[in-house]
């Protein structure tokens, strides 16, 4: 049991076929006490019930710093500690560079980048008090290759910012016993991508993937498990590619 007695927060984890939900299930299987954070309290609570009786679902808008702090405080009040944070909440928009309006830029960078900062700020004091913790940040292959399949340039910029923020956190927080690492998924079949992937498009994309298949949410969840657990005790500031070889660099 890689996460026995560890309290694990995962943002944006209520979506049934999402990376966050898959990560929550896997963490629970490995003994973690999971806290699912999402915009809708009812959906977060239902997702927590689905993975087992000892888990918690809370409403939290990651772009609201006070909401992030309330969620962290409630978790500490109930469980006494926070061991893992997975900054999974994110949104994307398939826009070209000249079609990005201010409201598009604000929405995508707020959830992906500002949300990662605010939620991390909410848990760091408790992790510092414990002198231990693992923060996992969800970036994207889009940040590395200058665009993905569905995300626009503002999405690439936001996810690139996540990489820089996470590395800076790793450097600053290492002396406090807190590790910070990023995961960069390639094209993963989730609720977000499901309606856009035709059979013809899948076949075309797979031609550029050495492992000859598209990713699934569990592929990313397993990387998160490694980074959350003591298997990665001497790993911080790292970027774990989960893309089947779509980008090799």
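Values for this structure:
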{"quantity": "On Cα atoms only, tilt of 19-29 relative to the major axis of the chain in degrees", "calculated": "40"}
{"quantity": "Overall dimensions of the chain by Cα: Rg and Dmax, Å", "calculated": "17.0, 52"}
{"quantity": "Residue order, fewest to most surrounding Cβ atoms within 10 angstrom, among 103, 50", "calculated": "103, 50"}
{"quantity": "The chain - share of DSSP beta bridges that are antiparallel (%, nearest 5)", "calculated": "0"}
{"quantity": "Degrees, to the nearest 10: 65-79 long Cα axis against longest axis of the chain", "calculated": "50"}
{"quantity": "Ratio Rg/Rh, restricted to region 122-239 and using Cα atoms, in which Rh is the Kirkwood radius", "calculated": "1.04"}
{"quantity": "Region 20-118: radius of gyration over Cα atoms, expressed as a fraction of 2.2 N^0.38 Å", "calculated": "1.20"}
{"quantity": "Calculated Rg and Dmax of region 73-147 using C-alpha coordinates, Å", "calculated": "15.7, 48"}
{"quantity": "Pairs of alpha carbons in region 203-249 whose separation is greater than 13 Å (percent)", "calculated": "61"}
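Computed from the coordinates by the stated procedures, all read-outs in this text should not be read as laboratory data. Only a predicted model underlies this, so the values are computations on that prediction, with no experimental measurement involved. Note that each Cβ is placed from the backbone with ideal geometry, even for glycine, and that neighbours are counted across all protein chains shown.
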